[in-house]
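Trainee: The structure's right below; bear with me while I get my questions together.
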Amino acid sequence: MTGTSGPTLAARNAVAAVFALNGFCFASWVSRIPDARERLDLSNGQLGLLLLALSVGSLLALPLTGALVNRVGAARVVLIGACVDGVGLVLVALGAGVFEHTAVTAAGLLLYGIGTGTWDVAMNVEGAAVEHELARTIMPRFHAGFSLGTVAGALLGALAAGLHLPMPVHLGAVALFAVCLVGPLVRRFLPRALEEGELPDRSGSALGAWTEPRTLLIGLMVLALALTEGTANDWLAVALVDGYDVEHWVGVAGFALFVTAMTVGRFWGSRLIDRHGRVGVLWSTMLAAGAGLLLIVFGGHPALVVSGILLWGLGASLGFPVGMSAAADDPEHAASRVSVVSTIGYTAFLAGPPLLGFLAEEVGTLRALLVVVVLLVPSAFVVPAARESGRREVRPG
């Protein structure tokens, strides 16, 4: 089977669509965070603890998902994750929008985290298999599909917030839409026999991946860059509302601008990586992210803040997808290594919300964003671990 065969191209398109749906669901929730904070009457510190529930759910699922993918296939695991994801979203909407009960909302976020973590690893493993079949860098474009989904979710969320659409109506419709589409899409994933041939996880490799220095260093890189991305997901809209005293919809629109910039970076990033290599491109994007954050915090003028959001989005665009590609450089152990790197990276989503929340209580939400700039500096030293090991022959297109 060649990398441009019909089944491979169909799988490529299906994986891209599944990434987009995952992002659509995520941004739909993120767009309602300011409303949830208001309905539940939470301080920034309390909001950080609430968001922690989602990260805990993901961390519970991530270490086990690689083995599950090897056992039943990525297609089934994506479908299972999407169903759990949808149930979690509905429970979140009921908890915050109907019952106005923090514990119910936290339970929904925990369930949503389990679903999205499972979905995330499985779709990245499938994406790595497709990337190896195509023999060119394409993982950033899959993550661009995720970002396109977040753009759509953020814009729809801004509209829903502006119209004061009840959260259960909004998030319930999103959950139903996603689950109904995932089923047909996963039937177009790579044939199971090929998937097993490309990604067999040999005995002991699941635990062995946790002892590999390169895998752990890639995980640390992804940890810092996931925090760079995740901080915007959780706190950008709130920081704009608190720091610049704008309406909720303006804060959500700022988040939509961020994910739009991140999408552009992911679409063009694949070509840049194939031309210049991972390390130089990652260092450049990290510099852009740091500069963007400084403009947002200290810029003051709307033009400077908008420029900062664009730079932050571009700078945050490639860390997670390049980390997934680097973890999957050896197809033989890709599932285990992707699972390990994802688990380490998602620790940022575990530590980030409460860290930023407590800092926001002390210095304000806007200035709390500066912690990301500080963490980007040491993380730059581990970027060389992601260097291509045995660079593939790159096919045109």
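The values are calculated or read from the model by the stated rules, or taken from the named source; none is laboratory data. Worth saying up front: this structure is predicted, and the values here are computed from it rather than measured. Don't worry about glycine lacking a Cβ; one is built from the backbone with ideal geometry, like all the others, and counts go over all protein chains shown.
Trainee: So the check is Cβ under 6 Å with 6+ separation or different chains; which pairs have a first residue in segment 335-360 that's within 12 Å of GLY117 (Cβ to Cβ) and of a type in the set (Phe, Trp, Tyr) and a second one that's buried (at least 24 other Cβ atoms within 10 Å of the Cβ) and modelled with pLDDT of 80 or more?
Mentor: TYR346/SER58; TYR346/LEU62; PHE349/SER55; PHE349/GLY230
Trainee: Among (1) at pLDDT 80 or above; (2) over 20 Å from the mean Cα position of the chain (by Cα), which single condition is ASP330 missing?
Mentor: Of the numbered conditions (1) at pLDDT 80 or above; (2) over 20 Å from the mean Cα position of the chain (by Cα), the odd one out for ASP330 is (1).
Trainee: So, one more: Are there any helices (runs of 4 or more DSSP H) wholly within segment 238-350 with 1 or more residues that are surrounded by fewer than 24 Cβ atoms within 10 Å (Cβ to Cβ), and if so which?
Mentor: 248-276, 278-298, 302-315
Trainee: If you scan segment 272-286, which residues turn out to be in contact (Cβ under 8 Å) with a residue 60 or more places away in the chain and closer than 14 Å to MET221 by Cβ?
Mentor: Those that are in contact (Cβ under 8 Å) with a residue 60 or more places away in the chain and closer than 14 Å to MET221 by Cβ: ARG278, VAL279, LEU282, TRP283, MET286.
Trainee: Here is a follow-up. When the residues of segment 94-147 are narrowed to those that are acidic (Asp, Glu) and part of a helix (DSSP H, G or I), which ends up farthest from the chain's Cα centre (by Cα)?
Mentor: Going through the qualifying residues, I end up with GLU133.
Trainee: Looking at ALA53 and the list (1) small (Gly, Ala, Ser); (2) touching an Asp or Glu at 6+ places or on another chain (Cβ under 8 Å); (3) crowded, with 16+ Cβ neighbours inside 10 Å, which single condition is not satisfied?
Mentor: Among (1) small (Gly, Ala, Ser); (2) touching an Asp or Glu at 6+ places or on another chain (Cβ under 8 Å); (3) crowded, with 16+ Cβ neighbours inside 10 Å, the lone unmet condition for ALA53 is (2).
Trainee: Which members of segment 356-374 meet the condition of being crowded, with 18+ Cβ neighbours inside 10 Å, closer than 16 Å to GLY230 by Cβ and not β-branched (Val, Ile, Thr)?
Mentor: LEU356, GLY357, LEU359, ALA360, ALA368, LEU369
Trainee: I'd like the full set of residues that are polar (S, T, N, Q) and surrounded by 24 or more Cβ atoms within 10 Å (Cβ to Cβ), limited to segment 124-141.
Mentor: Listed by number, the list holds a single entry, ASN124.
Trainee: I need the full set of residues from segment 200-225 which are at pLDDT below 90 and small (Gly, Ala, Ser), in order please.
Mentor: Once the filter is applied, which keeps residues that are at pLDDT below 90 and small (Gly, Ala, Ser), segment 200-225 yields SER203, GLY204, SER205, ALA206, GLY208, ALA209, ALA224.
Trainee: If only one of GLY197, GLY230 is at pLDDT below 95 and within 30 Å of GLY290 (Cα to Cα), which one is it?
Mentor: Result of the check over GLY197, GLY230: GLY230.
Trainee: Only one of these conditions is not met by GLY299: (1) among the small types (Gly, Ala, Ser); (2) without any contact (Cβ under 8 Å) to a residue 24 or more places away in the chain; (3) over 19 Å from ASP234 (Cβ atoms); (4) in contact with a Phe, Trp or Tyr (Cβ under 9 Å, 6 or more places away or on another chain). Which number is it?
Mentor: It fails just one condition, (4).
Trainee: Contact list please: Cβ distance under 6 Å, first residue in segment 46-73 and part of a helix (DSSP H, G or I), second residue of a type in the set (Val, Ile, Thr) and at pLDDT below 85, pairs at least six apart or on different chains.
Mentor: If the second residue must be of a type in the set (Val, Ile, Thr) and at pLDDT below 85, the pairs left are LEU62/THR343; PRO63/THR343.
Trainee: Okay, moving on. Name the single residue, out of those in segment 30-73 being under 18 Å from the mean Cα position of the chain (by Cα), at pLDDT 85 or above and among the hydrophobic types (A, V, I, L, M, F, W, C), that is farthest from GLU126 (Cα to Cα).
Mentor: Among those residues, the one meeting the criterion is ILE33.
Trainee: Give me the pairs, please: first residue somewhere in segment 161-174 and more than 15 Å from GLY108 (Cα to Cα), second residue anywhere and among the acidic types (Asp, Glu) and at pLDDT below 95, beta-carbon distance under 9 Å, and either six or more positions apart or on two chains.
Mentor: What qualifies is ALA161/ASP35; GLY162/GLU247; HIS164/ASP35.
Residue-wise test of (1) of a type outside the set (S, T, N, Q); (2) crowded, with 20+ Cβ neighbours inside 10 Å.
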site	(1), (2)
LEU9	yes, no
VAL15	yes, yes
ASN22	no, yes
ALA27	yes, yes
SER31	no, yes
ALA36	yes, yes
ARG39	yes, no
ASN44	no, yes
GLY57	yes, yes
